[in-house]
Amino acid sequence: MRLFPPLRPNFDAALRDVRAKDPTLRAAAAERLGDAPTDRVEEARAALRAMLEDRSGAVRAQAMASLARTKDATALDAILARFEDGDPTVRQVALIAAAELGDRAALPALKEALASDRPEVRFQAVASIALLAPDEAAEALSVRVDDPDTEVRAHLADALGALEDPRAAETLAALLDDDAPHVARGAAIGLARLGDARGVPQLIVALDDRDRCLEAAWALGELKAAEAREPLARLAGSFLKPLAFKAAAAAALVRLGDERGVPALRGVLGALRWDARSYAVQLVGELRATELAPELAALARRPRGTDPVVLAEALAKLAPESDTAYAGLRTLALRDDEAGERALELLEQTASAS
């Protein structure tokens, strides 16, 4: 029995351990070789390419991941061959590594993987194509809009949304009617990133979804969705919802020009619990909500669990329009730590911009 994992080997030890009997040692060696010294990269790559034939799936997977880190373009064909490896982890790592190498020669094989009969392969192919060829992904990934696997469709919605490519709008719109709620909500958020309001009904429903609430509130505020005012106000004023959700809803109300937003944010800033205070401070800065400068200046004197660097960034955004925020930033600049240094930098930037 081993109570602690083995120490990470040095480079020379890793080269020796590629032939160790223990697969754990071989996997550790493969991981270490991915960080080879500049003058020994080719030596590491040769060892890693040989390890792609290792009898252990864990070793093959780690060797591919390390080859991708070293950007070994000569390993591409060997990595593509592992798309059909008997080990499911190796198959998924192969798809990731092919994209991380950055060679668009992998694109035909990745597109072919979209039609695999293995859902985990299709799932990873979606992410890899979006990473490797974002300019082609909107069209290439649209073929999976009717994928029989719910998680593949959910991943498709998230990947297309992250692209922020207008060419993905119709595929995302088609996913709004998906039977799986998390697929439809992911599509609605993706559309919102494009400024497309077709997903607003799904976004309003997503305010009750713990996994999507923050994104949904942001999206409704960005879209200026007037029909979301009351649902957002109910969330912002709820006694039972997490403070982060209340802060997000309050920020959305501010973006909608609803007068209930600022008091709701003030309530989160002053709450006894501090778990969402830094998030609320960040939102105040993003919104340029100078009405809340006194609350932020008070936190500069007594942070009450607030991340002081986040606080400095927020105060700096308010400072050009608020003497109170400027004074709060000067208070933070007196600290003898990272936050104090950042506050000093921001004060100098504010002074030079004025």
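Within straight-line reach of Lys21, meaning a Cα separation under 29 Å, sit the following lysines at least 8 residues removed in sequence or on another chain: Lys71.
If you model region 115-237 as an ellipsoid using its alpha carbon gyration tensor, with each semi-axis the square root of five times an eigenvalue, the axes come out at 27, 15, 11 Å, biggest first. Computed over the alpha carbons of region 1-124, Rg followed by Dmax gives 14.6, 45 Å. Simple point charges give the picture: +1 on the Cβ of Lys and Arg, -1 on the Cβ of Asp and Glu, and for the chain a dipole about the Cα centre of about 1080 debye. In sequence order, region 16-28 has phi-based couplings of 6, 6, 5, 10, 5, 6, 7, x, 5, 5, 5, 5, 5 Hz under the Karplus curve 6.51 cos²θ - 1.76 cosθ + 1.60, θ = phi - 60°, and Gly or Pro positions carry x. Listed by chain and number, the aspartates and glutamates placed with their C-alpha closer than 14 angstrom to that of Lys317 are Glu286, Glu291, Glu345, Glu348; residues fewer than eight positions away on the same chain are left out.
Against the chain, whose longest principal axis comes from its Cα atoms, helix 243-255 is set at around 70 degrees. Against the chain, whose longest principal axis is taken from its Cα atoms, helix 150-163 shows a tilt of about 70°.
Per residue, how many Å² of accessible area does the chain show with a 1.4 Å probe?
Numbers: 17230 Å² over 354 residues.
Normalised by residue count, the accessible surface of the chain is 49 Å².
Among the GluC sites (Glu not before Pro) found in region 48-102, those both in a DSSP coil and sparsely packed, with 11 or fewer other Cβ atoms within 10 Å of their Cβ, are Glu53.
Loop only per DSSP, at most 15 neighbouring Cβ atoms within 10 Å: give me the GluC sites (Glu not before Pro) in region 180-236, ordered by residue number. Those that pass, being in a loop and sparsely packed, number zero.
Converting phi to 3J(HN,Hα) with the Karplus coefficients 6.51, -1.76 and 1.60 and the offset θ = phi - 60°, region 306-316 yields 6, 5, x, 5, 4, 5, 4, 4, 5, 4, 5 Hz in sequence order, with x at every glycine or proline.
Here the 3J(HN,Hα) profile of region 339-349, calculated from phi with Karplus coefficients 6.51, -1.76 and 1.60 at θ = phi - 60°, is 5, x, 5, 5, 4, 4, 4, 5, 4, 5, 5 Hz, Gly and Pro shown as x.
Counting only DSSP H runs of at least 4 residues, each contributing -39500 (n - 2.57), and dividing by the residue count of the chain, the helix-based mean residue ellipticity at 222 nm comes to -19000 deg cm²/dmol. The trypsin sites (Lys or Arg not before Pro) of region 1-105 that meet both conditions, a loop assignment by DSSP and at most 14 other Cβ atoms within 10 Å of the site Cβ, are Arg2, Arg19, Lys21, Arg55, Lys71. Amide H contacts under 5 Å for Asp307: Ser278, restricted to partners 5 or more places along the chain or on a different chain, H placed in the peptide plane at 1.01 Å from N.
Other residues lying with their Cβ under 13 Å from the Cβ of Thr306 contribute a combined charge of +2, Lys and Arg counting +1, Asp and Glu -1. Annotation for region 57-117 versus region 172-244: alpha-carbon center distance of 36 Å. When you work out D = kT/(6 pi eta Rh) for the chain at 10 °C and 1.306 mPa s, using the Kirkwood radius from C-alpha pairs as Rh and the Stokes-Einstein form, the result is 68 µm²/s.
Pull up all non-local amide H partners of Leu223: gap of 5 or more, or a different chain, and H-to-H distance under 5 Å with H placed in the peptide plane. Close amide H contacts, sequence-distant or interchain: none at all.
Whenever you get a sec, compute what percent of the accessible area on the chain sits on carbon and sulfur atoms (1.4 Å probe).
52
The values are calculated or read from the model by the stated rules, or taken from the named source; none is laboratory data. Computed from a prediction, not measured in an experiment: that's the story for all the values here. Virtual Cβ from ideal backbone geometry, glycine too; neighbours counted across all protein chains shown. Ligands, DNA and RNA are stripped out before the accessible areas are found, and what is left, the full protein with its side chains, is counted by its heavy atoms. Shrake-Rupley method; radii C 1.70, N 1.55, O 1.52, S 1.80 Å.
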